[in-house]
Amino acid sequence: MIERFFVNTDIPPIITARHLCKTFPGPVIGLDDFSIQVDRGEVLVIIGPSGSGKSTFLRCLNGLEEIDSGAIVVDGIALDHNEKNRLEIRREVGMVFQSFNLFPHLTVRKNVDLAQRLVRKKKKGDAAEFSLRLLERVGLSDKADNYPHELSGGQQQRVAIARALAMMPKVMLFDEATSALDPEMIGEVLDVMRGLAEDGMTMVVVTHEMGFAREVGDRVVFMESGHVVEEGQGEDFFLNPRHRRTKEFLRQIL
């Protein structure tokens, strides 16, 4: 596990979710009295079977899904029906999805520029300069003038990460960021995520990459049926699972 020194009990968690409930038509339970906190600089990894509520939690956390009940607070801002609060949280929380969602008609650099200019109101030159720095960080400065269709899936996902970082977020959410990639491309994306963790970025990561979870996760949460079954510290979670259902899941996936 990457060693970081971020825990300070005098500093409130950057994310607090209390008693979240979310249902979909059917009815299908997305979240069932789900509660969790995330400390500043922590890498929280969420694992579990398909349909367990992992992605639903991330989408609720970023305001993309409405919760039925409960409360979410991000860096002291309540995610409620106040539109100003919701916009502020979206500015401070970057999200990387399974699909890359790049604009096909824009170059790589312009994809990264766009939110900086529209949301952060940066000047064209300042945005372009920062975009190049971010593309260098994810190993793609030489692809700045290419279009998305000219890149591999792994490269497109790294551009998506750079685009999310362009907003200078306080928290990064990753929703199965490698699940749509060919096996040989997964490592290059995980390396970028590993670098963010080493830099102290607060991250909530939904993934099936157990090696990454074991190495990088400060805390691992196993979800099923919309609630937390078990959580533990990094590698110890995998070495000493306590709950029967956790043991079954790890036995199948490892």
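List of remarks:
- Applying the set (1) open to solvent by less than 30 Å² (accessible area, probe 1.4 Å); (2) under 25 Å from VAL229 (Cβ atoms); (3) out of contact with any helix residue (DSSP H, G or I) (no Cβ under 9 Å at 6 or more places or on another chain) to ARG86 leaves exactly one unmet item: (2).
- Residues within the range 202-252 that are of a type in the set (Phe, Trp, Tyr) and under 21 Å from ILE15 (Cα atoms), tallied: 1
- Given (1) touching a Lys or Arg at 6+ places or on another chain (Cβ under 6 Å); (2) surrounded by 19 or more Cβ atoms within 10 Å (Cβ to Cβ), index of the condition PHE57 fails: (1)
- In the set (1) free of Cβ contacts under 8 Å to residues at least 40 places away in the same chain; (2) crowded, with 17+ Cβ neighbours inside 10 Å; (3) part of a loop (DSSP other than H, G, I, E, B), GLY154 fails one condition alone, (3).
- Some residue of the range 111-134 being surrounded by 21 or more Cβ atoms within 10 Å (Cβ to Cβ) and in contact with a Pro (Cβ under 6 Å, 6 or more places away or on another chain): no
- The one condition in (1) over 19 Å from the mean Cα position of the chain (by Cα); (2) modelled with pLDDT under 95; (3) surrounded by fewer than 14 Cβ atoms within 10 Å (Cβ to Cβ) that SER69 fails to fulfil: (2)
- Between SER55, SER99, SER50, the distinction of being hydroxyl-bearing (Ser, Thr, Tyr) and over 14 Å from the mean Cα position of the chain (by Cα) belongs to SER50 only.
- With respect to the conditions (1) assigned to a loop (DSSP other than H, G, I, E, B); (2) on the phi > 0 side of the Ramachandran plot, HIS19 falls short on a single one, namely (1).
The values are calculated or read from the model by the stated rules, or taken from the named source; none is laboratory data. Bear in mind the structure is a predicted one, so any value in this text is a computation, not a measurement. Backbone-built Cβ (ideal geometry, glycine too); neighbour counts: all protein chains shown. To get the accessible areas, we keep the full protein, side chains included, count just its heavy atoms, and leave off ligands, DNA and RNA. Shrake-Rupley method; radii C 1.70, N 1.55, O 1.52, S 1.80 Å.
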